[in-house]
Structures are given as C-alpha cells and as structure tokens.
Amino acid sequence: MSAKDYYSINNKHSKNNFNTQVQLSRIFFIGLVLLIAPALFLSSGPILTQSGGNVSDQLAYGVTALPQPNDNSTLIKVRASEALFEPAAGLSNVFGPDGLFPFDNFTCADALTCGVSAGENAKFVGTFDKANVNNLTSYEATYTSPITYGPHQIAGHEYKITLTDVNWNSPNSSLPTEQPQFAALTNNVGFDQIQHGASYVDRSDVPQLSNLAFLYGHAQVTDITNGNNTVVAEDVFTHVMVGHVMDEQAFYQDLRDEALSPNFVFLFAINIPDDTELPGVGSLTAEQAQSYTPLESDPSLDNSPQIDYPVSIPEPRDETMDDIEEPEGAQSTTWPVANSEQPLLFTFLVYQDTNIKVQ
C-alpha cells in the first residue's frame, strides 16, 4: 500500500471520528437545553431575598436575584413567618409604665430586641400592587397575643388581621389627618422607599428602613382561636413595610445602603379610641389619642428630610434639569388612629423569616 493510499484511508477514519464526535456533542447540548429550559422559562419572577439566603431558590427561577434597570415589575408577593410581638415603636413606649398599656410583659421599648413570640403559627401572606393600580393589594396576617387587655385581645388567643382598604383616613376617623406627600404619590402602596429614622419620611422614632414595599390602610381583626371566627375590630389603621434596617451613618456619609438586618415584614394594626376609658390613662380626646403615633415632639412632623435644599444638578446636566426643591407637602404627619367606634388595639408585629418575589 502506497503512502498516498494509507493517508487517504486514515483521513477518512479521522473524518468519520470527527463527525461522530460532533453528533454526540449536539445530542449532549440538546439534552442539556431540555434539562435546564423549565428553570429558565417557566418561572413567574425572581425571588429578591430570603432571610436564610437560600441561593437554590433564586437559581430555580433562572433569573438574577435583583431587579434590573428599567424593571417594569408592578407586583411584590411576600410570605413570612416567625413573628415577634413588639412592645412599642421607639420612643412612643406604648406598653411602658407611663404608656397606654402599663404592663410588665416587656422590659424595654426597643422595636427590634424586646419582642416576645407571636406564636408558632404566625404567618404573613401579602401582595403589593404598585400604587394599587389593579386593586390587587392584599394581606392576611396571623399571630397569637401574649397579653390581655379586653375581650378583643386575650393572651393565648390566635388572631387574623385582614387588609380592607388602602385609604389614609377612614370615613369613621375621629380626627382625619393630612396624608403625607410620599404616600399620596403612590396611592398608599409604594416600592423602594426609604422612611423613618433620620430620613424624616414618616415618624423618626424608629430606625431608618429601606423598604422594598410599603402600604397604609385599614384592616379587620378576627379571633380565629380553635376554629372560632369572631370579628373583634372592623376598621383599624394599618401600616406594613417589607424591608431592612439601614446603617444610617453609612447612608448619610457615603450614600450607601448597608443593611443592619435581613428583610423583615413590619406590621402595625392600631386603634386608640377617643372618649373611651383606657387602662392607665383614662379618657382621651382624639388629638390626645393620636399623640402616640408619633409623639408630638417627633421632629419629622415639623421638618423636611434632612437635605440641604435646593439640590443643584451639576454641569452639563443642569441645562436639561432644574434644581431639586424642598417638598411642597409634608412627608410626615400624625397617623389617624383614633376611631371611637372601634376597640383599643396596638399590635406591632415583626415577621423575621421573609420570602419575597417580584413579578
């Protein structure tokens, strides 16, 4: 056999081997695509965050863990558990010796470290519809009360709080208050909002929060103990936030959002009735009843956010953008929590195991 014939034969074998390898590679690639396609294309949205840091849950959706620029997502769905029943909101000291509830169940008024368990079955399930454009905003929250202060709140009883509207004032409010500007702009359901603390956006007597979502409105409270289904309050003011505590020094020095906590669900359900005999304080006027939320001395009530207005836009962008002026409306106002037709209620829950999905 000549060298030419030998080379020709071996070249044919090489081509055959190469073609076989290409075909096998194609088969392997098609199989791989079929394997991962469901994770890539069948998801309904990304899991933004989870306090346990479960990366596999994020990868299962086949998307990045954070929303991308120009993200058009308008729904945030939240599930949470492991709730703490908190004694107060910062300096208000509602449950302290001089507060509305002179009980000794709690040892201090720190909103994050003094809570007691809200029961093994405490759950939160909510949907935040941006600006409530499609009327999809809703939530249900369950907890077990650790204290008794009347037939509507009994220690050991399990309760359900259900959102009924997203209005700032109730038609039955004893003393309606001005709606803060940031809430009015979002129809009381907003995303990506810094509030509280040194921001002076809403009350300043709790730590500053970076919220993925928030809402204001009203809720119904039902006693669901042992299958019971008794409504104990029909129209109480509620405020819910989904977010984390911020390092205020890092934010105001470096404009960096450094989290001091995982994402929590913070839930208020409050009614302080006027012209009603209350434990420890007697009968209050509507103005006095609402002076706890926040305290009348809270600096946010009389001041804009702590920014040196106007904010100038640097060159050359100043040719197309005006300076940013101080907000025209108030960013913090008194919560309208006085309703003489509803019972005394002050429930502040922090759900710690939080799962958040953007759609």
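Most tightly packed first, judged by the mean number of other beta-carbon atoms within 10 Å of their residues, the peptides 73-84, 174-185, 190-201 read 190-201, 73-84, 174-185.
Quick check for you: with a 1.4 Å probe and neighbouring chains kept, what is the accessible area per residue of the range 179-313, in Å²? Don't jump to the answer; show the numbers that get you there.
Values: 5380 Å² over 135 residues.
In whole numbers, the range 179-313 has 40 Å² accessible per residue.
Largest first, how would 313, 270, 154 line up by accessible area (1.4 Å probe)?
Working: 313 20, 270 0, 154 50 Å².
Accessible-area ranking of 313, 270, 154, largest first: 154, 313, 270.
Listed values for the range 200-212 are Karplus-derived 3J(HN,Hα) couplings in whole Hz (6.51 cos²θ - 1.76 cosθ + 1.60, θ = phi - 60°), namely 6, 8, 6, 3, 9, 8, 10, x, 5, 10, 9, 9, 5, and x replaces Gly and Pro. Taking amide H atoms as placed 1.01 Å from N in the peptide plane, the amide H of residue 83 lies under 5 Å from those of 118, 122, 352, each 5 or more residues away in sequence or on another chain. Backbone phi angles across the range 114-126, fed through the Karplus curve with coefficients 6.51, -1.76 and 1.60 (θ = phi - 60°), yield HN-Hα couplings of 10, x, 10, 4, 9, x, 5, 9, 5, 9, 10, 10, x Hz in residue order; Gly and Pro are listed as x. Across the range 243-248, coupling constants 3J(HN,Hα) worked out from phi with the 6.51/-1.76/1.60 Karplus curve, θ = phi - 60°, read x, 10, 6, 9, 7, 5 Hz, and Gly and Pro carry x. Considering only 241, 225, 335, and ranking their Cα positions along the charge dipole of the range 203-342 that arises from unit charges at the beta-carbon of Lys, Arg, Asp and Glu, the one farthest toward the positive end is 225. Considering the zone a paramagnetic label at residue 224 would reach in this model (a point 7 Å from Cα along the Cα-to-Cβ line), which residues of the range 177-192 have amide N under 13 Å from it? It comes to no residues whatsoever. Near residue 249: Cβ cut-off under 14 Å, other residues only, Lys/Arg at +1 and Asp/Glu at -1. The net charge is -4.
Considering only 290, 273, 306, and ranking their Cα positions along the charge dipole of the range 209-330 that arises from unit charges at the beta-carbon of Lys, Arg, Asp and Glu, the one farthest toward the positive end is 273. Scanning residues 5 or more positions from residue 164 or on other chains, those with amide H under 5 Å from its amide H are 218, 219, 220, with H placed 1.01 Å from N in the peptide plane. Amide H contacts for residue 260 (H built 1.01 Å from N in the peptide plane; partners 5 or more residues away or on another chain; cut-off under 5 Å): 245, 246, 247.
Label separation (residue 164 vs residue 131): 2.8 nm, computed from points 7 Å beyond Cα along the C-beta direction. Rounded to the nearest 0.05, the FRET efficiency derived from the C-beta distance between residue 73 and residue 325 at R0 = 25 Å is 0.25.
Here the peptides 158-169, 245-256, 130-141 are ranked by packing, the mean other Cβ count within 10 Å, and the order with the highest first is 158-169, 130-141, 245-256.
The values are calculated or read from the model by the stated rules, or taken from the named source; none is laboratory data. Everything numeric in this text was worked out from a predicted model, so none of it was measured. When we count neighbours, we look across all protein chains shown, and the Cβ atoms used for this are built from the backbone with ideal geometry, even at glycine. These accessible areas exclude ligands, DNA and RNA; they are computed on the full protein's heavy atoms, side chains included. Shrake-Rupley method; radii C 1.70, N 1.55, O 1.52, S 1.80 Å.
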